[in-house]
Structures are given as structure tokens and as C-alpha cells.
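Novice: Below is the structure I would like to discuss, written out as C-alpha cells.
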Amino acid sequence: MRDRKNGLVQVCSSKIILPKLQVLVDPHPHPLIEQTLPVMLCKRMTGRGYRNAASIHTGKISLAAGLTFGSVAGYGAYCVTRDPRNVKISLFSAFLLTVIMGMRFKRSKKLMPAGLVACLSLLMILRLVFMLL
């Protein structure tokens with residue numbers, strides 16, 4: 001077990017308790033280290049908006065949906081590479097993504113990201129249909 005006050009990690013019963021971020025930050029950071037992506041992300045995540053429970057919950061749902069669609073689309077692409085006539089899974093994932101993101105685009109009228117993803121999914125549907133012809 002290590003001391004938490006000195007910025008070290010404390011381990012107790014299979015849980016790791018991390019100290020506050022302010023303890024880990026060097027008071028005189030190097031200018032190049034200050035501009036790296038992990039440091040910038042850590043600074044961004046400590047903001048008030050990220051701590052909001054609703055945004056964390058929405059972020060988890062968005063992450064799960066993205067991983068699900070990405071996995072299904074990846075598996076569909078794998079099936080198409082093995083057999084070019086087997087486009088069912090890719091067609092299903094592209095169609096579902098077109099419908100969902102098209103509804104979001106219609107409701108929000110914002111091109112980014114809903115309109116762009118709906119258009120790209122529609123182009124993917126057209127490509128898969130032309131592959132079958």
C-alpha cells in the first residue's frame with residue numbers, strides 16, 4: 001500500500017484509488033509535454049461539463065452504440081472480403097445507420113455528424129447494391 005497524500009496509488013481490495021489530478025501534475029511542466037494529447041485530454045476531462053452525470057451516461061450509450069455499429073460493420077466487411085456476394089450484414093448495418101442518422105439529421109438539421117454519416121451510409125448501400133448487379 002502506498003501513501004495517497006504523496007501522489008502515489010493506493011490499492012485496497014481489488015480497487016485502485018487514484019489520487020487527485022492536481023497532485024500528479026508537475027508545478028513546472030516542460031512546454032513540449034504540456035502540448036501532448038494525453039495531457040490536453042486530462043485537462044479537458046477535469047472540466048465541469050464532464051462531471052455532469054447526464055453527460056457521462058449519454059457518453060456511455062454513445063460509446064456502446066458506436067462499438068456495436070462498428071463491430072457489425074467490420075464483420076460485414078470481413079464477410080464481403082471472403083465472398084463478394086455475401087453483403088447481407090453490411091447492407092443491414094448500412095441501412096440501419098442510414099435510417100437512424102437520417103432521422104437525427106431531419107430532427108436537428110445539422111450536417112455534422114448526423115447528415116454526413118447518413119449520406120455516407122446511403123452511398124455504402126448504393127455501392128453494395130451495385131456490387132450485387
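Novice: What's the number of the condition R104 fails, among (1) closer than 13 Å to F69 by Cα; (2) surrounded by fewer than 17 Cβ atoms within 10 Å (Cβ to Cβ); (3) not hydrophobic (A, V, I, L, M, F, W, C)?
Specialist: (1)
Novice: For S93, state whether it is modelled with pLDDT of 90 or more, surrounded by 11 or more Cβ atoms within 10 Å (Cβ to Cβ), among the small types (G, A, S) and under 18 Å from the mean Cα position of the chain (by Cα). Outline the logic, then answer.
Specialist: Working: modelled with pLDDT of 90 or more: yes; surrounded by 11 or more Cβ atoms within 10 Å (Cβ to Cβ): yes; among the small types (G, A, S): yes; under 18 Å from the mean Cα position of the chain (by Cα): yes.
Yes: the conditions hold for S93.
Novice: On to the next question. I'm told A94 meets every condition in (1) outside any loop (DSSP other than H, G, I, E, B); (2) of a type outside the set (D, E, K, R); (3) out of contact with any Ser or Thr (no Cβ under 7 Å at 6 or more places or on another chain) except one. Can you identify the failing condition by its number?
Specialist: For A94, the exception is condition (3).
Novice: Same structure, new question: So which residues in the range 57-91 are touching a residue at least 24 places away in the same chain (Cβ under 8 Å) and in a loop (DSSP other than H, G, I, E, B), if there are any at all?
Specialist: Passing the criteria: P84, R85, V87.
Novice: Take the conditions of a type in the set (A, V, I, L, M, F, W, C), modelled with pLDDT of 90 or more and touching a helix residue (DSSP H, G or I) at 6+ places or on another chain (Cβ under 9 Å) and apply them to I56. Does it pass? Talk me through it step by step, then tell me what you get.
Specialist: Details: of a type in the set (A, V, I, L, M, F, W, C): yes; modelled with pLDDT of 90 or more: no; touching a helix residue (DSSP H, G or I) at 6+ places or on another chain (Cβ under 9 Å): yes.
For I56, the condition - of a type in the set (A, V, I, L, M, F, W, C), modelled with pLDDT of 90 or more and touching a helix residue (DSSP H, G or I) at 6+ places or on another chain (Cβ under 9 Å) - is not met.
Novice: Among the residues of the range 107-133, which ones are surrounded by 11 or more Cβ atoms within 10 Å (Cβ to Cβ) and outside any helix (DSSP H, G or I)?
Specialist: Passing the criteria: only K110.
Novice: For the range 94-133, give me each residue that is within 15 Å of A73 (Cβ to Cβ) and among the small types (G, A, S). Before you say what the answer is, go through the steps one by one.
Specialist: If we filter the range 94-133 for residues that are within 15 Å of A73 (Cβ to Cβ), which is where we start, we get 94-101, 117-118, 120-125, 127-128.
Listed by number, the residues that qualify are A94, A118, S121.
Novice: Sticking with this one: Please determine, by comparing only the residues of the range 73-85 that are farther than 16 Å from M101 by Cα and hydrophobic (A, V, I, L, M, F, W, C), which one is surrounded by the fewest Cβ atoms within 10 Å (Cβ to Cβ).
Specialist: Filtering the range 73-85 down to residues farther than 16 Å from M101 by Cα leaves 74-85.
Still in the list and also hydrophobic (A, V, I, L, M, F, W, C): 77, 79-80.
Working: A77: 14, C79: 16, V80: 18.
Among them, the one singled out is A77.
The values are calculated or read from the model by the stated rules, or taken from the named source; none is laboratory data. Note that the structure is a prediction, hence the values are computed from the model and not measured. A quick note on method: Cβ atoms are made from the backbone with ideal geometry, for glycine too, and the neighbour counts reach across all protein chains shown.
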